[in-house]
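Heads up, the thing below is written out as structure tokens.
The values are calculated or read from the model by the stated rules, or taken from the named source; none is laboratory data. Because the structure is a prediction, the values reported are computed rather than measured. We place every Cβ from the backbone using ideal geometry, glycine too, and count neighbours over all the protein chains shown.
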Amino acid sequence: MNEVGIAIPTTNLRKVHSHRYKAIWDTGATNCVITSKVVGDLGILPFSKRKVAGISGEVIANVYYVDIFLPNGVCVTDIVAFETPDLVGEPEMLIGMDIIGLGDFSVTQANGHTVMSYRIPSIKDINYAEEAKILMDRFTTKNVAASKKQRNRELRILAKQHKRSGK
């Protein structure tokens, strides 16, 4: 969970008065979702109503335009956000694929620590499967080389023992 800023859309980003809320990054959500609390805090009015399918089924939801200030300092403007009465736990917003898809999103688990990272704009491809293949190839090559080295060492020792024994 991250803290994000949410504001009424504006053309002057220097004079934005955003409110801070906890948000969850949700790759299963097509669009962003904000709670009724956020709507009330911002004092915004919906521009439309749409049928949306969520975890609790299909509902008709109010739709708003908002600006989202991400933890990395990037502002994503004029995001379409759907209203929900509330979300489970502390978050007041779901960040959906409409924002996630603008950049590179990654979750890693190295050394038992979960780290979520996001950058916008997307800079380069990240292919964990390809990286894993390269590492496995290196590991296998090293093990084969080490095995050959070990086997050759053992053969030399056996050869020396064989010579000493006169057989």
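Which residues, taken from region 106-142, are without any contact (Cβ under 8 Å) to a residue 24 or more places away in the chain, hydroxyl-bearing (S, T, Y) and in contact with a strand residue (DSSP E or B) (Cβ under 9 Å, 6 or more places away or on another chain)? Quick ask: steps written out before the conclusion?
Let us first name the residues in region 106-142 that are without any contact (Cβ under 8 Å) to a residue 24 or more places away in the chain, namely 106-115, 117, 121-142.
Checking which are hydroxyl-bearing (S, T, Y) leaves us with 106, 108, 114, 117, 122, 128, 140-141.
Result: S106, T108, T114, S117, S122, Y128.
Just one of F69, F82, F105 is over 15 Å from the mean Cα position of the chain (by Cα), in the same structural domain as G40 (by TED's automatic domain parsing) and within 16 Å of G28 (Cα to Cα); which is it?
Values: F69 fails: within 16 Å of G28 (Cα to Cα); F105 fails: over 15 Å from the mean Cα position of the chain (by Cα).
Result: F82 is the single residue among F69, F82, F105 that is over 15 Å from the mean Cα position of the chain (by Cα), in the same structural domain as G40 (by TED's automatic domain parsing) and within 16 Å of G28 (Cα to Cα).
Does K37 satisfy being within 15 Å of H19 (Cα to Cα), assigned by TED's automatic domain parsing to the domain that holds P9 and modelled with pLDDT of 95 or more? Outline the logic, then answer.
Working: within 15 Å of H19 (Cα to Cα): yes; assigned by TED's automatic domain parsing to the domain that holds P9: yes; modelled with pLDDT of 95 or more: yes.
The answer is yes for K37.
Taking strands (runs of 3 or more DSSP E) that fall entirely within region 1-106, which contain at least 1 residues that are farther than 30 Å from Y128 by Cβ and not β-branched (V, I, T)? Lay out the reasoning, then the answer.
Values: elements: 2-7, 19-25, 32-35, 48-54, 57-69, 75-84, 93-95.
So the answer is 2-7, 19-25, 48-54, 57-69, 75-84.
Give the number of residues within region 107-121 that are of a type outside the set (K, R) and part of a strand (DSSP E or B).
The initial filter retains those residues of region 107-121 that are of a type outside the set (K, R), namely 107-118, 120-121.
In the following step, the residues that additionally are part of a strand (DSSP E or B) were identified as 107-108, 115-118.
The qualifying residues number 6.
I need the full set of residues from region 30-43 which are in contact with a strand residue (DSSP E or B) (Cβ under 7 Å, 6 or more places away or on another chain) and over 18 Å from G96 (Cβ atoms), in order please. Working first, answer last.
Residues of region 30-43 that are in contact with a strand residue (DSSP E or B) (Cβ under 7 Å, 6 or more places away or on another chain), as a first pass: 31-36, 38-39, 41-42.
Of everything in region 30-43, those that are in contact with a strand residue (DSSP E or B) (Cβ under 7 Å, 6 or more places away or on another chain) and over 18 Å from G96 (Cβ atoms) turn out to be D41, L42.
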